[in-house]
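No lab work stands behind these numbers, since they all come straight from the coordinates. Since we're looking at a predicted model, the values are computed, not measured. Here Cβ is always computed from backbone atoms with ideal geometry, including for glycine, and neighbour counts include all displayed protein chains.
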Amino acid sequence: MEWFDSWGLTLIVFLPLAGALLLGLVPRDREDILKRGALLATLAAFGLSLVLIGLFEYSGATYNTYQFEVNESWIGAINANYHLGVDGISLPLLVLSTFVMVLAVIYSWNHWEEPYNPKAFLILMLILATGMNGTFVALDLVLFFVFFEIVLLPMYFLIGVWGDRTPRKIPGFAKVIETRLYASIKFFLFTLFGSAFMLLGFLALYYRSGDFGERTFDIVRLTELGAMGSFTGTFAFLVFGAMFLGFAVKVPMWPLHTWLPDAHTAAPTVGSVLLAAILLKLGSYAFIRISIPILPEEAANWAPAIAVLAVIGIIYGSLACLAQTDMKRLIAFSSVGHMGFVMLGIATMTDVGINAAIIGMVAHGLITGLLFFLAGSMSHRYHTREMDRLGGNMKLMPVMGGIFAFTAMASLGLPGLAGFWGEFMALVGSYNPLDGLPLGLFRSSMVLGAIGTVLTAGYMLYMLQKVNLGEPKAEWDGHEFHDADRWEMTAWVPMIILIVVIGVYPNLIFDSTTDTVVSLIDTVFGSDAIASISSGG
Amino acid sequence: MLAAEEGHSITAGDGGWCADTAGIMLVLPFVAFLLILFFGKKLKYQGGEFAVGALAIGLVWATVLFVMNMTGGVLDQTTFEVARIGSGITFELGWMVDGLSIMMYFLVNFVGLVVFIYALGYMEGDIRVNSFFASFSIFAGAMLVLVGAPNLIQMIIGWEGVGLASYLLIGHYWEDLDNVEAGNKAFMTNKVADVGLILGAILVGVAIGNFDFAALSEASVSQNAELGAVAFVGGLLLFFGAMGKSAQFPLHIWLPDAMAGPTPVSALMHAATMVTAGIYLMARMFPLFENLAQDARVYMVAIGTITLFAIGLLALVADDIKKVLAYSTVSQLGYMMTAVAAGGYTAGLFHLFTHAFFKALLFLGAGSVIHAVHSNNMSDMGGLRKYMPTTYWTFVAGSLALAGIFPLAGFWSKDEILATLGYEGYIAVMWIAIAGAFVTAFYMTRAVALTFFGEYKGHGEPHESPKIMTRPLIALAIPAIFVGLVNIPGVSIPGIGNFTEWLAVRVVEMGDHHAEAIDFGIAAAGLGAALLGFALGWMIWGEDKKTQKERDTFEIPVLYPLLRRKYYLDDAALGIVGATTGPLARSVDWINTYVIDGIVNAAAALTRGLGGFVYGILDQKGLEGFFSGLSVVVDGAGAGLRKLQTGRVQQYAAYFVVGAIGLAVVFVILI
Amino acid sequence: MLLSQFLIVSSALFSIGVYGLLVRRNIVLILLSVELMLNAVNINLIAFESVIRSADATGQVFAIFIIAVAAAEVGIGLAIVLMIFRNRRSANVDELNLMRW
């Protein structure tokens, strides 16, 4: 398998793009070929990522050594390289990305929103896949930036073209505008706004990374420099701030989250799923991959602020959920809360917290992805997302209702299902954050986060009651509802199984991440940081 | 790591193959759940067979372990690592086999099996038997996961698992949103309490770097300094968690509403097993409270005492027979909590053990009655002893056991609690507990009288339930009568010892006090209070007044005034009791409904309002407005600037020339 | 040398060109004005070159460049004008405001 060592990651990243190019040659009306082609491309990427799991060397991983590394010169003038590699932190996220992509294509088999056009839709999805996979394995800041931005465009079109056409009055604007247009522009501008600062940060790092000729965008090299303490003072503060803006918009962290509910609500089902399952993780992943290792000192300085924003996000997102009447909007706001837990884990700057963040990302990807699938399928049948008009779904569609109840339970962090570990460990982490961080603030965050879980349970039960339980409303009398069809079940069952398996056996993720994360903390904050919890009896 | 309790020398084996495979009990119900889901609908009982089968197999293991523990003691622990998350922390799942968990395995499997069999008959013809048994299997599995937990993490998993099952089963008839709301209330109240459980687990777990019960116990006994530093707060937080599940005042409010579920659910979950999880948690963490967190105990005792007395009074005013039993359950949980908190490890758990049998029996009996008259209200019942003899006799047995009448089970366990309270110096609490015994007997008399005596007031012709329902009643009545004999203070049955010794099989020595001999004074006081309760209750509700008067006319004239006066005494007693307990109970009920529930509802409304404010004002008007405003500004600037783009080449050229001249001027001036 | 005379001529020529560029309405005349300006620059370049006499004759080289570029520019410009005239029957710049917002 020597070829795999050098070509595996490239194939995983670019196979979807190649698929997209080939699909471009297929005539528009040959839908069967289009669908099969897209499925084949995503399946191939997923299959290769499974090979990756098999060949990955788990034991004794140390941070900043990558496997299946490719490092070729790309833009010599600025010393930007085509540098890919995977380690224990990115492996689960890469697999999640290829996995969800396959399910999204399967789900698309017979779910098309207006204005139809499967060809364009599938091509955009495949381009999106390349951007997402690439972001998780890029080890060069320029390459990372390119992949990070590639993601933006297909999603913009997915929302803008296939999105919700309900007219919407925007405060401050005189005109009434279609939701999809408003949401897609908002999504694009928000992210671009952050990305601009992020790029600024990247460039600043480049210029500080050495004398002319030694400057580099290479994350591995920058991490080494960072660990040696090359970036300090106001410079580091500003660079961290700039990158923070870029990543925080993507996560999204309060108060930069307002694009998210609109984008989620307006996006077509598959768009919402990919947005929730993968796109949001790009931001939090970038914190772990770029911000913390390269600027560890600043990361510790910023940590209290991140923790405060994360906790505000948890409480705020949950409260906002309680006020929603639109099912998809509720689920969208729940992402703000859940990603708050992820960021709280990262803010603790401990191995426990970062592990919590990674498993939280994976779990949120599966659970919220599934919730959006379900919400999409329901609004497809009811032609409304207004929860006041729904009710008694268990009676009309028992299988779908059952899965919906299961997923809502998983989302509220029921122990034994995937969502629990991320939340619980984020709380464990914030009880004992990195030495030197304000203990009182983090412990208050822990208590508030725990209260947030109560609110989470509150709105999930509220949603279940509104949608699933009670008698169906009179307006649905005489309607014929089809319960989940086989394409839907094919897309959902693997997610359900994974939610349970990760919930019962979280080592599935931790086997990959723990050594790397421990080594990361050990490298950037010193070995004292690791011993802080297990010092006792 | 075996313990030698004072007075007993226990040598425990590792249980051999049977303990190594005990995990099958934890897994089987989940297997049954899947089978029910996929194949259940085709079978006669819609999958109830699988649920019964799983518990029947589990009961084999539980019984073998129980007997092994009686004869030699079994102490074993099997765990699998499921998560290694750095900082030396690992999470493990597995099962613990010691005296306490074996007792719970046996209890859950035995009572569970009996109730499941009963449910086959009770639920026949229900609209969704399939999902009922599926949820019920989840409950059995989660409960066994909980009681078998070797560490706090697994306990949390089981803890919320049973909460989920509770939510699903309370809302079994979810077409009616009232039931759904009852389920929501149960789930949310428990979730609030779970904050305490989770934070408490983090506090004590992180302090010693381990969530393992054995390690926690040893750290407690060895006075670990780091654990000591968080013991008080951590202990109170864990207790707060236990208050939710075990329905302690003021978090008991969910339990009466939880009676919306089918009666077998109330019997197994909301009486016999699930609600005792909090007591079980306190027992598991007993070394912490015994050695490090003694200061927390007084608060726990106070809560337990309020629960056992004040909530018990509520049972007097309820008309719904299941609510009477529910309040009674809360009150008994108060006894257990008070006992465990005061230091009576064995006493609390023994009451848990006996209570499971007779309370399950009472609920199943109530279910049998409800099945017959199609109403929960005692005002629709009456005179049923003629129609339903088996139900009647078993119900009476359960009531006597609950009230603590010698020599039924409840007498021994309640006496043990009273003795412990006395020994530990909580004298006032002991007298309140004795008063509680009086109240218990009082309301049980009322329930029995209104249900089984007098004239039938309901509709149709009531009939005895089918055998599949009455046999479980008998199966529970036998232990409800006799099981108290396994722990007569100071009596150790040759060869098998007694309950105290069975429980003493554990990792560390705990210094628990348990009575070495019967304290006849306290026993007499408790029994006297119960008998007084019966007597008074019987005077008030025992006979139909009309028939009484008719019988009076046939009395011998000489004795008549005496009887008459006695009758007036009864009236006076009725008046006094009515004038005191009635308003007292009603005011407690009022506080319960308007103050505590009111706070809960207000909190919910406030939260909703806050949600509306955050979303409506802050988010939609504030942040949203800011960003929209930003885009308006950019939009306006664009609109202004684009006016410059006239499309006239010469105009551009003119700007250009003007600019060039301007630059030229600048250069000339500068240079 | 008569450098100042050359510069006066070239600035006169340039100014005439600017005047024509700004006030003429016919595109052909505007193009001619541009040519005037370019040639004014040429005169400047040659004049300075003849004074400085750099080793590689930079001024003259640039002048030749400008002549070549001007030829190309006029070629394309006139082609565009021709197309515009064909389409719109007019070569008046005031009527050409397609490229506005």
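The calculated FRET efficiency for residue B:81 paired with residue A:487, based on their beta-carbon distance and R0 = 45 Å, is about 0.75.
For region A:58-193, the convex hull drawn through the C-alpha positions has a volume of 153 cubic angstrom per residue. Rounded to a whole number, what is D in µm²/s for region B:312-445 from Stokes-Einstein with the Kirkwood radius over alpha-carbon pairs (25 °C, 0.890 mPa s)? Here the translational diffusion coefficient equals 162 µm²/s.
Measuring r between the beta carbons of residue A:399 and residue B:39 and using R0 = 22 Å, the FRET efficiency lands at 0.90. Mean residue ellipticity at 222 nm, helices only, chain A: -23000 deg cm²/dmol; runs of at least 4 DSSP H residues each add -39,500 (n - 2.57), and the sum is divided by the number of residues. For region B:131-211, just say rounded, prolate or oblate: build the C-alpha gyration tensor, square-root its eigenvalues into a ≥ b ≥ c, call rounded for a/c under 1.5, and beyond that prolate if a/b exceeds b/c, oblate if not. It comes out oblate by the Cα gyration axes. Roughly speaking, what is the stretch gain from residue A:31 to residue A:75, that is 0.36 nm per residue apart minus the C-alpha to C-alpha distance, in nm to one decimal? The span from residue A:31 to residue A:75 would gain 11.9 nm if fully extended. Quick one: Debye curve from the C-alpha atoms of region B:180-266, no solvent, what's log10 I(q)/I(0) at q = 0.20, 0.26 Å⁻¹? For the requested q values the scattering log ratios are -0.84, -1.14.
Once the Cα atoms are used to define both axes, helix B:345-373 deviates from the longest principal axis of chain B by about 90 degrees. Each peptide in B:64-75, C:39-50, A:18-29 was scored by the mean count of other Cβ atoms within 10 Å over its residues; highest first, the order is B:64-75, C:39-50, A:18-29.
Taken along its principal axes, the alpha carbon cloud of chain C reaches lengths of 50, 24, 24 Å, longest axis first. Evaluated over the Cα positions of chain A, the convex hull gives a direction-averaged projected area, one quarter of its surface, of 25.1 nm². Overall dimensions of region A:277-352, expressed as equivalent-ellipsoid semi-axes from the Cα gyration tensor (√(5λ), whole Å, largest first), are 26, 13, 8. Descending by average beta-carbon neighbour count within 10 Å, the peptides B:396-406, A:328-338 line up as A:328-338, B:396-406, the highest first. Of all DSSP beta bridges confined to the protein assembly as shown, the antiparallel ones make up roughly 95%.
Net charge in the neighbourhood of residue B:14 (other residues with Cβ under 10 Å of its Cβ; Lys, Arg +1, Asp, Glu -1) is -2. In the distance distribution for region A:72-114, Cα-Cα pairs more than 14 Å apart total 68 percent. Each Cα pair under 8 Å and six or more residues apart adds its sequence gap; the mean of these over the residue count of region B:383-539 is a relative contact order of 41 percent. Would you work out if region B:49-117 is rounded, prolate or oblate? Take a ≥ b ≥ c from the square roots of the eigenvalues of the alpha-carbon gyration tensor; rounded if a/c is under 1.5, else prolate when a/b is larger than b/c, oblate otherwise. Taking the square roots of the gyration eigenvalues as a ≥ b ≥ c, region B:49-117 is oblate.
Per residue of peptide A:312-324, the mean number of Cβ atoms on other chains within 10 Å of the residue Cβ is 4.
Angle of helix A:418-431 to the longest C-alpha principal axis of chain A, folded into 0 to 90 degrees and rounded to 10: 40°. The spacing between region A:68-118 and region A:415-436, judged by their C-alpha centroids, is 28 Å. Close Lys pairs in chain A, defined as Cα atoms under 24 Å apart and 8 or more places apart or on different chains, number 15.
Partners of residue B:414 within straight-line reach, counting aspartates and glutamates whose Cα lies under 14 Å from its Cα and excluding those fewer than 8 residues away in the same chain: B:519. Among the residues of C:21-30, the average count of other protein chain beta-carbon atoms within 10 Å of the residue beta-carbon is 2.
Angle of helix B:177-208 to the longest C-alpha principal axis of chain B, folded into 0 to 90 degrees and rounded to 10: 80°. Net charge around residue A:479, counting only other residues with Cβ within less than 15 Å of its Cβ (Lys, Arg = +1; Asp, Glu = -1)? Value of the local net charge: -1. Treating each Cα of region A:158-300 as an identical point scatterer and summing with the Debye formula, the log10 of I(q)/I(0) at q = 0.11, 0.15, 0.17 Å⁻¹ comes to -0.50, -0.77, -0.89. Quick note on region B:152-303: its Rg to Rh ratio, both from C-alpha atoms and Rh being the Kirkwood radius, is 1.03. An oblate overall shape is assigned to region B:1-120, the ratio a/c of its alpha-carbon gyration tensor axes (a ≥ b ≥ c) being 1.5 or greater and a/b not exceeding b/c. The mean count of C-beta atoms from other chains within 10 Å of the C-beta of residues in B:184-190, rounded to a whole number, is 3.
Across all Cα pairs in region B:47-89, the calculated P(r) in 5 Å bins from zero up to the longest distance comes to 6, 16, 13, 13, 13, 13, 13, 10, 4, 0 percent per bin. Across region A:82-231, Cα pairs under 8 Å and at least six residues apart give a relative contact order of 21 percent. Evaluated at q = 0.04, 0.06, 0.07, 0.09 Å⁻¹, the base-10 log of the normalised Debye intensity for the protein assembly as shown, with identical point scatterers placed on the Cα atoms, takes the values -0.31, -0.62, -0.78, -1.16.
Within the P(r) computed for chain B, what percentage of the Cα pairs occupies the region above 44 Å? Percentage above 44 Å: 28.
Scaled to the globular estimate 2.2 N^0.38 Å, the Cα spread of region A:376-527, given as radius of gyration, is 1.37. Here the peptides B:490-501, B:185-196, A:415-426 are ranked by packing, the mean other Cβ count within 10 Å, and the order with the highest first is A:415-426, B:185-196, B:490-501. Summary of the geometry: region B:219-233 and region C:7-21, compared by the centres of their Cα atoms, lie 96 Å apart.
Placing a pseudo-label 7 Å from each Cα along the Cα-to-Cβ vector at residue A:235 and residue B:177 gives an inter-label distance of 6.3 nm.
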